[in-house]
Every structure is written in structure tokens, then in C-alpha cells.
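Bear in mind these aren't lab numbers, they're just calculated from the coordinates by the rules spelled out. Note that this is a predicted model, so its numbers are computed, not measured. So basically every Cβ, Gly included, is an ideal-geometry build from the backbone, and we count neighbours across all protein chains shown.
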Ligand SMILES: [Zn+2]
């Protein structure tokens, strides 16, 4: 049995179950083995004022990578108040940190596997003394001296608001897992050391993407960092330059010998740091290059890394210099098929809320790279952050509200 009250009810197939909330009807449908849901368009149960106040409050908490203690304590308290079983892992033991990843589980009455919602607690620098400035038109910025931290507090707030709405209105929901991670901004270190055996969900929504809400990233790159240490030979630059091996010159030749920038439509290479030399009058003995390779194709990242190593070694040898070449993985590429249920549920939630969807590949890594690597089918969804990693970073109350509504819908259907 169900009642139709909203103007925009869409029926896809046989009705499984319905919930009537504040004059709107949610119809839970079960076509060909997949759970869908539709809802009255315009459903808006989240609390705009609460969203804005919470966002401003969290922005005021300093939470640089590896220094998330205060943020973690606040979020643990919130989750506990919302009825979650909350634990903090020992991620801090792996790093010079004082905080672990915060995990929470809330049993739900709706059938189906638990769903994981995740956002990261840390923000990039400059991030000390952040302050949210709310304009009359609903735009929120920092005061211009720091980042805003919408990356990723917009995601944190959407998760909290959805949960608060569920509690306040007594909405039936799926079993929900929440993971607030540390150190995402420094190559997803927090999620790297998390123990995934405790996660029950097979699907995850990672709220950590810039762009209009409704955007989701289904594809992300492998990222390899490399460090090349060239060792030449020191000599007096005035008395005996011919006795030296100029490590900076060797490194410079090496850099110009490799392909850099956009290699193809899915691969980039960048040498971002060069350090070397001791004094004006010494032929430099050492030069260190640091760079990265990223590609949506894991294999391409590896082959590009191999080529760079070969060219660097060849150049060093040509000039009688030594080289040490080291690489480390920042994250591993993944691609989620559009036909996966995790995507279809997102599509249905956005459709129900009248939000346009857009599926993209991102060139940035996120905790989702680690989730997928650990067997969880996750996608990264936009949560209302723009111009991230800059002092011009901003969000908008409308976007925070839209993302909260999507999150609520995903939790309750
Ligand atoms: Zn982020």
C-alpha cells in the first residue's frame, strides 16, 4: 500500500515498500534484482540553518594533516550522540600523528547491505585560524588568509546532517558505516593503514570531490612519486672546474630529456622540486629531483616511470655521475562501471531530488583509491567545494544542502 501525494512521483516498476514523510511519498522499488527508489521531487528534510552553523563551527577547528585530534574528538562525540558504535584506530602509530581514523557503525532497520559514507578530517595549509565568512547570497569563503576547508568539511557536514535528519524525523535507514579519515591530503595515508576487515559494506560513497553537486568520479589515477639523487664530483669552480662533475647540469639535462606535462589524455608527468649545490664557487656534487607521474592507466604509469628511470640513468652515466632512483605509490588507479548498483543508486537519488548528474574521471587521488583496492565498490561524489587548496576556496549553502539531501536519500533507501 502506498499514497501518492507529491507532484513528481515516478514509478519505475513494482512497488516494494513505501514511507510517507511530511506529505511526500518515497516509493521503494525492486526492478530486476536491483534496489531503486524514487521520491517526490523537492523533498527537502534537511535543516539549512543547522548545516550552515555546523559548517562554520567545523571550519573554526584547526585540523592540518596528522593534527586532527580536536576534529576527531568533536566527530566522535557527534557520532556517539547519534547512536553509533564508535572506534578510533591506531593509524597514529604509523606516522608522527596524534589521531586515528574514526569509524562508526549504526544498525539500520531497512534490508540490504550496510553502506559506507566517508570524508577526510584533515585540511591543507594554510589552515590555522580558519574562519568561515557567510555572504548574503549564501556563498561561504575564508577570510582570505587561509583555505576554507570545504575540502573536506563540506563532506563531513553532509554526512552529519543526513544522520541528524534521520534521528530527528525517525526515518528508517540502511545499516550505515561512517569513516572519517586522517591525512588524506598527504597521499591518502590514513585510509592506507585502516583495517578494512571491520568494514561490512560492499559499497561506499566518498564525499570528497569539487565541482557541482551531482558530479561523481568513477575513475581515478595511479600516482607514482619519484626521487632522483644525482651525485657528481665537487671541485673548485675557479681553480679546477674540469675536475668536477656538475650534478646540477646532469640533472638539468636529464629533466629536459624526459617527456613532461600532459603526455596523453590520461597521463601527466611533473618534476616539481630541484635541490642542489652548496656554494657559488663549488662545482655542485649533489642534485636531487622530485616529481610525480599520474595516469588513469596503471600500466602507463609504470611504463612512464620505467622510461624516466632509464633516461636518468643513461644521462648520469654519460657524464660519469651516479644516480639513485626511488619510487613510491601514492595511490592505485580504479574504474567503476556505470552499471554498478552504487552508481545507479546515486543516479536515482539525484533524479528524485531533481539534481543533474555528471560522471567524470578525476586526476586526483582520494581515500576511494584505497577503498577500491580493498574490495569496496566506491565512488567519489561532489559535496560543494570549489577552488580547493587555495585561499579562494568557497562553497555555497545551496550546494551543502543539496549534498546533504543526496546523502540522506542514499542512507534511507
Ligand atoms: Zn579532499
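Numbers for the structure displayed
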{"quantity": "Relative contact order [Cα under 8 Å, 6+ residues apart], the range 222-331, whole percent", "calculated": "43"}
{"quantity": "Relative contact order (percent, whole number), the range 113-216, Cα cutoff 8 Å, 6+ residue spacing", "calculated": "44"}
{"quantity": "Angstrom value of the Kirkwood radius, inverse mean 1/r, which spans all Cα pairs in the chain", "calculated": "23.2"}
{"quantity": "Cα pair distances exceeding 18 angstrom across the range 222-331, given as percent", "calculated": "48"}
{"quantity": "Cα gyration tensor shape of the range 115-184, rounded if a/c is under 1.5, else prolate or oblate by comparing a/b with b/c", "calculated": "oblate"}
{"quantity": "Neighbour-count order for 411, 121, fewest beta carbons within 10 angstrom listed first", "calculated": "411, 121"}
{"quantity": "Counting DSSP beta bridges with both ends in the chain, the antiparallel % (nearest 5)", "calculated": "75"}
{"quantity": "Centroid-to-centroid separation of the range 243-280 and the range 115-148 [C-alpha atoms, Å]", "calculated": "35"}
{"quantity": "MRE, 222 nm, helices only [DSSP H, n ≥ 4, -39500 (n - 2.57), over the chain, to nearest 500]", "calculated": "-9000 deg cm²/dmol"}
{"quantity": "Residue with peak Gaussian network fluctuation, the chain [Cα springs, cutoff 10 Å], from 114, 126, 284", "calculated": "284"}
{"quantity": "Relative contact order (%) - the chain, alpha-carbon pairs under 8 angstrom, separation at least six", "calculated": "22"}
